[in-house]
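Engineer: Provided herewith is a single structure, encoded as structure tokens, for subsequent inquiry.
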Amino acid sequence: MKNPAKKALIIKLSSLGDVIFTIPLANTLKENGYEVGWIVSEKGIDVIKDNPCVDKVYLAPLKTWKKRGFSLENFKEFLSILKEIRKEKYDIAIDCQQMFKSLYWMLFCGAKRRIISKGAKELSIFGGNEVIPNIYAGYERHSVLNYLEYAKYLGLNTDKITFSLPESTQEVKSKIDELLKDINTNKPIVVISPATTWDLKHWNKDNWKEVVDAIKDDCSLVFTGTEGDKDLIFYIGGDNYINLAGKTNVEELKEVFERADIVIAPDSGSAHVARAVNKPAVIAIFTCTPPGLFGPFGDDEKYFALNGNLLCQPCFTRVCSLTTEDKNLCTKRPAPQEIITIVKKMCKKSRYSV
């Protein structure tokens, strides 16, 4: 049932992965006739700005505000953004962040219905005037489905789950054309993005090296990451292939993934962007975090989330608490051969005969 007069505001500020997991909710609202606004921070702006799932985007510069500390300038900017939001007279606001940093946006956005889940944290529940049952259902139900509980509550059909990202500009396409000009397109293109910002999420570097050595003859390899990831990429052999570490932002990384057949990454923003692109197969390697909650969502013949199936997984901590020889064991699992097997299988299913 269409709701052409309805306006919905999504509050999901960060992180990049969580913002991507919320995109299917925005698309469901759009497909049911809602005009959709979204408040997002710097971490997620590149996947929401110009995204067809959203009509209006409001950038809350949390990183800038945090650097400045408490200041009158921050408060003035907050009021200015809030003024723009209130002009739209949203019928519904949905708090998908559910933390203290979303409280004031919810409380003062001006929406008639401010919907939040009973599981909200850090006092954020007081920003809502309509509380639904806890959308979090443990480690086995994916975050995408959790956020879609808001759509179900509004009486919308959630059978169709759609990821969307902004279209790449010609400038971005031209830059990636140049960066990939020497790639051998007669083999499947495999992008390896081995790093993330959370140390315990990193897979063992010798495992990465073993995978690279095993698949290098079957694929055209591309490595991506930040400037800070160059040492890791060098160690696992990335300098022998196309190494884009430090050369791409999120918008450009998306275009790299558009050219890929397979992307391999830990639980990271890179893995989530690759999934939202909809084109490559994605192999995500999990250590301390739950694959059921954060893995690449969808077709299990194309999207893979693997961990070591250890009794301590997922611990969801940044530092391993074990003091035995099993300390950090999750970072060494799964065995490299599991990843190698999947890559070779997906290469054979790609547009190439390997």
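Engineer: Pairs under 6 Å by beta carbon, first residue closer than 14 Å to Ile11 by Cβ in the stretch 117-132, partner surrounded by 13 or more Cβ atoms within 10 Å (Cβ to Cβ) and among the small types (Gly, Ala, Ser), six or more apart or different chains?
Structural biologist: Cβ pairs passing all conditions: Ser124/Ser102.
Engineer: Test of understanding: among Ile23, Ile39, Ile48, which residue is out of contact with any strand residue (DSSP E or B) (no Cβ under 7 Å at 6 or more places or on another chain) and closer than 23 Å to Glu252 by Cα?
Structural biologist: On the way: Ile39 fails: out of contact with any strand residue (DSSP E or B) (no Cβ under 7 Å at 6 or more places or on another chain); Ile48 fails: out of contact with any strand residue (DSSP E or B) (no Cβ under 7 Å at 6 or more places or on another chain).
Result: Ile23 is the single residue among Ile23, Ile39, Ile48 that is out of contact with any strand residue (DSSP E or B) (no Cβ under 7 Å at 6 or more places or on another chain) and closer than 23 Å to Glu252 by Cα.
Engineer: Scan (1) under 19 Å from Pro166 (Cα atoms); (2) crowded, with 16+ Cβ neighbours inside 10 Å; (3) over 15 Å from the mean Cα position of the chain (by Cα) for the single condition Ile23 breaks and write down its number.
Structural biologist: Result: Ile23 fails condition (3) only.
Engineer: Look through Val40, Val47 and report the one residue that is without any contact (Cβ under 8 Å) to a residue 40 or more places away in the chain and not assigned by TED's automatic domain parsing to the domain that holds Asp267. Outline the logic, then answer.
Structural biologist: Details: Val47 fails: without any contact (Cβ under 8 Å) to a residue 40 or more places away in the chain.
The match here is Val40.
Engineer: I'd like the residue in the stretch 151-175 that is in contact with a Leu (Cβ under 9 Å, 6 or more places away or on another chain) and either in the same structural domain as Leu293 (by TED's automatic domain parsing) or among the aliphatic types (A, V, I, L, M) (or both) and, out of all such residues, is nearest to Asn278 (Cα to Cα).
Structural biologist: Per the criteria, the residue is Ile161.
Engineer: Only one of Lys63, Lys67 is in contact (Cβ under 8 Å) with a residue 12 or more places away in the chain and of a type in the set (Lys, Arg). Can you tell me which?
Structural biologist: Numbers: Lys67 fails: in contact (Cβ under 8 Å) with a residue 12 or more places away in the chain.
Selected residue: Lys63, the only one of Lys63, Lys67 that is in contact (Cβ under 8 Å) with a residue 12 or more places away in the chain and of a type in the set (Lys, Arg).
Engineer: Out of (1) surrounded by 13 or more Cβ atoms within 10 Å (Cβ to Cβ); (2) at pLDDT 95 or above, what's the single condition that is false for Asn74?
Structural biologist: Just one mismatch for Asn74, condition (2).
Engineer: Taking the condition surrounded by fewer than 24 Cβ atoms within 10 Å (Cβ to Cβ) and more than 20 Å from His142 (Cα to Cα), does Ile45 pass?
Structural biologist: So Ile45 fits the description; yes.
Engineer: Suppose we filter the stretch 190-229 for residues that are in contact with a His (Cβ under 8 Å, 6 or more places away or on another chain) and not hydroxyl-bearing (Ser, Thr, Tyr); how many remain?
Structural biologist: Result for the stretch 190-229: 2.
Engineer: Filter the stretch 210-238 down to the residues that are out of contact with any helix residue (DSSP H, G or I) (no Cβ under 7 Å at 6 or more places or on another chain) and farther than 22 Å from Pro280 by Cβ, then identify the one that is surrounded by the fewest Cβ atoms within 10 Å (Cβ to Cβ).
Structural biologist: Glu227
Engineer: Return the pairs, sorted by first residue and then second, in which the second residue is crowded, with 24+ Cβ neighbours inside 10 Å and among the basic types (Lys, Arg), the first residue lies in the stretch 14-28 and is in contact (Cβ under 8 Å) with a residue 12 or more places away in the chain, the beta carbons are less than 7 Å apart, and the residues are 6+ apart or on different chains.
Structural biologist: Once the first residue is in contact (Cβ under 8 Å) with a residue 12 or more places away in the chain and sits in the stretch 14-28, its partners that are crowded, with 24+ Cβ neighbours inside 10 Å and among the basic types (Lys, Arg) give Asp18/Lys12; Val19/Lys12; Thr22/Lys12.
Engineer: Suppose we filter Lys205, Lys216, Lys254 for residues that are among the basic types (Lys, Arg) and closer than 30 Å to Lys49 by Cβ; which single one remains?
Structural biologist: Lys254
Engineer: The conditions are (1) over 30 Å from Lys327 (Cβ atoms); (2) crowded, with 17+ Cβ neighbours inside 10 Å, and Asn186 fails exactly one of them. Which is it?
Structural biologist: Here Asn186 clears every test but (2).
Engineer: Can you tell me how many residues within the stretch 298-354 are surrounded by fewer than 16 Cβ atoms within 10 Å (Cβ to Cβ), under 21 Å from the mean Cα position of the chain (by Cα) and in a helix (DSSP H, G or I)?
Structural biologist: 0
The values are calculated or read from the model by the stated rules, or taken from the named source; none is laboratory data. In this text the structure is predicted, and so the values were computed from the model without any measurement. Cβ sites come from the backbone with ideal geometry, for glycine too, and all protein chains shown count toward neighbours.
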